[in-house]
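Visitor: Below is the structure I would like to discuss, written out as structure tokens.
The values are calculated or read from the model by the stated rules, or taken from the named source; none is laboratory data. Everything numeric in this text was worked out from a predicted model, so none of it was measured. Note: ideal-geometry Cβ built from the backbone for every residue, glycine included; neighbour counts use all protein chains shown. Quick note on the areas: whole protein, heavy atoms, side chains included, nothing else; ligands and nucleic acids left out. Shrake-Rupley method; radii C 1.70, N 1.55, O 1.52, S 1.80 Å.
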Amino acid sequence: MANQVIVVSLFQEGTSQVRPPYFNGQHFSYSKVRMEIYTKSYDVKVWRVIKKGNYPLPAAAQPPVDPEDIDEYTGEQMLVVQVNAKSSNLLYNVISGEEYGKISSCDTAKEMWDKLEVTYEGTNKVKETHINMLVHDYELSKMK
């Protein structure tokens, strides 16, 4: 039984340079930093896609008739498609099954990342409200 717990722990947590950090819904601010560092070391362009959105597909002399037919893509277009796909793949591979439900409806890595940030950190307005409440509580405790 003890060996199973150790093995499960190892598979849940990133323990090498090739295994991304694992996020199970706890300690998002810590996981967020680890994810950024890991992703940048993996491929800086992937982190750019996660933060800013997919790279647009470069125009070709002849646009593909069927955007899903990769045989029609130029080498440059294929590189863009791969970076965009790596970004989504990376995020899907770092989350637990419970977290999957939160991002499964997202189409891009940026949407996934934004959804996780809002879920665990709130919007800027929520953060501002929380800070104001903390300042207010602090001021009240100072007056006592």
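Visitor: Inspect region 72-80 for any residue being modelled with pLDDT of 90 or more, in contact with a Phe, Trp or Tyr (Cβ under 6 Å, 6 or more places away or on another chain) and surrounded by 11 or more Cβ atoms within 10 Å (Cβ to Cβ) and give the result as yes or no.
Guide: yes
Visitor: Can you name the helices (runs of 4 or more DSSP H) wholly within region 80-144 that have at least 1 residues being of a type in the set (A, V, I, L, M, F, W, C) and in contact (Cβ under 8 Å) with a residue 40 or more places away in the chain?
Guide: Answer list for region 80-144: 109-121.
Visitor: Then there's this: Can you confirm whether region 41-52 contains a residue that is open to solvent by less than 70 Å² (accessible area, probe 1.4 Å) and hydroxyl-bearing (Ser, Thr, Tyr)?
Guide: Taking every residue of region 41-52 in turn, none turns out to be open to solvent by less than 70 Å² (accessible area, probe 1.4 Å) and hydroxyl-bearing (Ser, Thr, Tyr).
Visitor: What do you reckon, is Tyr55 open to solvent by 30 Å² or more (accessible area, probe 1.4 Å) and part of a helix (DSSP H, G or I)?
Guide: No, not satisfied.
Visitor: Something else: Specify the residue that is nearest to Tyr42 (Cα to Cα); the eligible residues are those in region 112-140 that are surrounded by 16 or more Cβ atoms within 10 Å (Cβ to Cβ) and under 11 Å from the mean Cα position of the chain (by Cα).
Guide: Once the filter is applied, the top-ranked residue is Trp113.
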